[in-house]
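In what follows, a structure is listed as structure tokens, so that the remarks can point back to it.
The values are calculated or read from the model by the stated rules, or taken from the named source; none is laboratory data. The model shown is predicted, which means the values in this text are computed figures rather than measured ones. Note: ideal-geometry Cβ built from the backbone for every residue, glycine included; neighbour counts use all protein chains shown. The area values use the complete protein model at the heavy-atom level, side chains included, leaving out ligands, DNA and RNA. Shrake-Rupley method; radii C 1.70, N 1.55, O 1.52, S 1.80 Å.
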Amino acid sequence: MHSGQTTSMHMACDPLLTRSDSRDSRYVGSGYTKAVYRVRLPGGAAVALKAVDFSGHDLGSCVREFGARRGCYRLAAHKLLKEMVLLERLRHPNVLQLYGYCYQDSEDIPDTLTTITELGAPVEMIQLLQTSWEDRFRICLSLGRLLHHLAHSPLGSVTLLDFRPRQFVLVDGELKVTDLDDARVEESPCTSSADCILEFPARNFTLLCSAQGWCEGMNEKRNLYNAYRFFFTYLLPHSAPPSLRPLLDSIVNATASLLSSPPVIWAQAPEEKSGEEREPRQSAIATLRSAGELAWGVDETLAQLEKVLHLYRSGQYLQNSTTSGSAEYQRLPDSTIAQDDYRCWPSYHHGGCLLSVFNLAEAVDVCESHAQCRAFVVTNQTTWTGRQLVFFKTGWSQVVPDPNKTTYVRASS
């Protein structure tokens, strides 16, 4: 195993696959083609092993139709091999890290391929909706950075044809793409804009066909609209700091209307000819401009997400939003409140109200905004943005020593 090198290693399968049959491993899941196993290595680190699923849909249907088990395996393994190559070539913090691969004979088929990657947790949207806005924003920021990388990758613009939450995993809070066998590395060829139709369940969009015969920006736009409909619309705005909502709403709206196609209203001066008499490409450009001239691509979307991060991490979002509460709080160093919990949403702790704050002033403001809050406890724990975690309490009936916390109790009504 290695982490600092930039190329994956050809490994010996036996030690890994022996452990995959032991108590140090467990089955994670499978799709049409591949199965994934979690294996704990002798040093304690856990990795994911991915191989063709011999009882899977793709291999099974191929064998039933053609009866050639080895040939069908090679066909299925091509997807795994393609994914391995793309994981290697598209290395990025938001692409699952490929550690290595191995070959071995398996079930009367020689040289079956197994890839070894870092291990991630499945993306469960219902669970994510119950997490803090800060953690949900981190996922959207991760996705924005990934899509920017895919749009400007060493291979050219890359699109994810199968773009769903199940194609991603979470590794230490960061979103990473794991399933790349359905990725496409080149733009769609075309002879006219009629060949450049992006189809989605609820709507279709038409893009321009370039003079070079490629649909302009189709890969980038497909990725971005999918990011909107699967992630941004659910995770970005809800329970966000009020001062950040306008910027977050603009991100969601810009990615949603990126390709919107309302009835055509030609943007022309009175002396211009009618749309029907224009040169076809000029008419198409006018159509697209009327549909969404202010919409963003991945570059602007990422720039705005990074701006949100800066405002949030630096505390600038608090300007003109904090109030100077009339209540005063007494500081009790090296102490915590053992009980007096109440629940709030979203909270980092399901049994109490645990939130992140930029500074002490924000903690006071939060407490003042909660009717039941009479005290709070500042911990020494921080979030991924460096914000401190604070427990908010209904009172201070049992203050106990704790060298890692500081308690603040309301000194006036």
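At a glance:
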item: In segment 89-124, the residues that are surrounded by fewer than 21 Cβ atoms within 10 Å (Cβ to Cβ) and more than 26 Å from Ser25 (Cα to Cα); result: Arg89, Arg91, His92
item: Residue that is most open to solvent (accessible area, probe 1.4 Å) [pool: residues in segment 226-240 that are assigned to a helix (DSSP H, G or I) and without any contact (Cβ under 8 Å) to a residue 40 or more places away in the chain]; result: Arg229
item: Segment 104-144: number of residues that are charged (D, E, K, R) and within 20 Å of Arg387 (Cβ to Cβ); result: 4
item: Number of positions in segment 199-225 that are crowded, with 17+ Cβ neighbours inside 10 Å and either among the aliphatic types (A, V, I, L, M) or over 23 Å from Ala295 (Cα atoms) (or both); result: 4
item: Thr407 vs. criteria hydroxyl-bearing (Ser, Thr, Tyr) and closer than 21 Å to Thr131 by Cα; result: no
item: Unique match (being out of contact with any His (no Cβ under 8 Å at 6 or more places or on another chain), acidic (Asp, Glu) and modelled with pLDDT under 95) among Glu306, Glu293; result: Glu293
item: Selection within segment 38-70 - open to solvent by 20 Å² or more (accessible area, probe 1.4 Å) and closer than 14 Å to Thr178 by Cα; result: Lys50, Ala51
item: Selection from segment 134-182 of residues that are open to solvent by 10 Å² or more (accessible area, probe 1.4 Å) and part of a helix (DSSP H, G or I); result: Asp135, Arg138, Arg145, His148, His149, Ala151, Pro165, Arg166
item: Qualifying position, being under 18 Å from Val28 (Cα atoms), assigned by the TED database to the domain that holds Ala227, modelled with pLDDT of 95 or more and in contact with a helix residue (DSSP H, G or I) (Cβ under 7 Å, 6 or more places away or on another chain), among Val177, Val169; result: Val177
item: Neighbours by Cβ (under 7 Å, 6+ apart or cross-chain): first from segment 388-413, more than 10 Å from Thr336 (Cα to Cα) and touching a residue at least 60 places away in the same chain (Cβ under 8 Å); second open to solvent by 80 Å² or more (accessible area, probe 1.4 Å) and not in a loop (DSSP other than H, G, I, E, B); result: Val409/Gln330; Ala411/Gln330
item: Residues located in segment 183-192, provided they are small (Gly, Ala, Ser) and open to solvent by 30 Å² or more (accessible area, probe 1.4 Å); result: Ser192
item: Residue check for Trp345: open to solvent by less than 70 Å² (accessible area, probe 1.4 Å), out of contact with any Pro (no Cβ under 8 Å at 6 or more places or on another chain), part of a loop (DSSP other than H, G, I, E, B) and among the aromatic types (Phe, Trp, Tyr); result: no
